[in-house]
């Protein structure tokens with residue numbers, strides 16, 4: 001909207017009164033307040049216009065366009081400065097001037113060229129490929145993938161396998177969604193408790209997600225199960241979920257990821273027996289570095305959730321670089337002397353045939 005349109009309308013009215021109504025004694029316009037209007041000035045060069053459009057416009061053509069648009073152009077050392085009229089409040093930057101030039105001159109001056117685009121082959125990152133592999137293996141075991149809340153209450157950020165001091169929200173929706181979780185174990189227990197409340201006492205569940213503490217982030221995989229993996233029918237038999245079956249899943253998963261069984265170790269010295277069974281739990285190490293924990297949930301904790309036996313597995317994936325196994329080929333030695341003698345014999349026979 002033109003901020004000066006009211007003044008222009010009044011001036012036009014006065015001129016019409018003088019011309020057609022012989023009005024006399026016209027006084028100056030009385031104005032209340034002030035109008036916050038300053039003309040906008042935008043500078044540009046002809047080279048910039050041609051480089052942007054891919055054209056070969058001359059300085060005279062560009063100046064003529066700006067004059068026809070009432071931009072009051074002035075040129076100094078090759079720089080054209082335009083003052084946008086009050087009714088053109090859309091002129092703010094040099095690209096707006098370039099748009100006006102090509103609009104007036106016409107799009108026919110643009111050269112017909114095909115668009116140049118760099119083609120790239122879309123692919124997953126190594127981390128994404130490993131996540132897809134983990135999902136495929138776990139679904140093959142008959143597990144269900146879960147997606148629990150990242151925001152939890154304060155109590156769920158403390159205790160077993162916590163990453164560190166939790167990060168709290170400034171304006172949480174409620175006390176139960178006030179902190180970023182620092183571990184997956186409480187969330188997986190909520191999944192089991194929810195299913196038990198709905199009379200679903202069989203199932204194997206897994207989730208991979210990032211956990212966050214102050215100045216620290218880690219990516220973890222959590223697996224928890226109870227009862228049986230498959231319901232028994234005429235096509236397949238059920239499989240009980242216990243410590244040894246979960247360990248077998250772990251070894252199979254690590255084998256698919258390219259880790260040799262010889263590099264994997266188990267230790268019972270640092271296991272938290274307040275949460276896990278003291279005799280059916282272990283720390284998992286890879287190359288003597290901490291990888292995770294595996295075990296049967298403590299019977300007291302399991303009974304509080306109306307579960308007879310509850311097994312869990314937790315792995316840290318950000319601590320290791322998971323890469324495919326490199327296959328080495330043995331070094332081969334060939335008898336070049338034998339090949340040389342065969343070629344000499346073949347050459348002599350060809351010479352005899354030629355003569």
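Every number in this text was worked out from the coordinates using simple rules, so none of it is lab data. In this text the structure is predicted, and so the values were computed from the model without any measurement. Please note: Cβ atoms are built from the backbone with ideal geometry, for glycine as well, and neighbour counts cover all protein chains shown.
With R₀ set to 30 Å, the beta-carbon distance separating residue 108 from residue 87 gives a calculated FRET efficiency near 0.60.
With both labels modelled 7 Å from their Cα along Cα-to-Cβ, the residue 144 to residue 264 distance reads 2.6 nm. Extension gain for residue 344 to residue 117 (0.36 nm times residue separation, less C-alpha to C-alpha distance): 76.2 nm.
For the stretch 78-139 versus the stretch 249-314, the inter-centroid distance based on Cα atoms is 52 Å. Please determine, in degrees from 0 to 90 and to the nearest 10, the orientation of helix 126-140 with respect to the longest principal axis defined by the Cα atoms of the chain, where the helix direction is its Cα long axis. That helix lies at roughly 50 degrees to the long axis. Which angle from 0 to 90°, rounded to the nearest 10, does the C-alpha axis of helix 336-354 make with the longest principal axis of the chain? It works out to around 70 degrees. With respect to the chain, whose longest principal axis is taken over its alpha-carbon atoms, helix 94-105 is tilted by about 60°. Only helices enter the 222 nm calculation for the chain: every DSSP H run of n ≥ 4 contributes -39,500 (n - 2.57), and dividing by all residues gives -10000 deg cm²/dmol, rounded to 500. Site pair residue 30 and residue 64 shows an inter-label distance of 5.0 nm when each label is modelled 7 Å from Cα along Cα→Cβ. Here are some values of Rg and Dmax of the Cα atoms in Å: (i) 39.3, 129; (ii) 19.3, 62; (iii) 24.1, 98. Which one was computed from this structure? So the calculated entry is the one marked (i). The protection proxy used here, the mean number of other Cβ atoms lying within 10 Å of each residue, ranks peptides 257-265, 41-49 as follows, highest first: 41-49, 257-265.
Considering only 108, 272, 255, the mean-square fluctuation computed in a Gaussian network model of the chain, springs between alpha carbons under 10 angstrom, is largest for 108.
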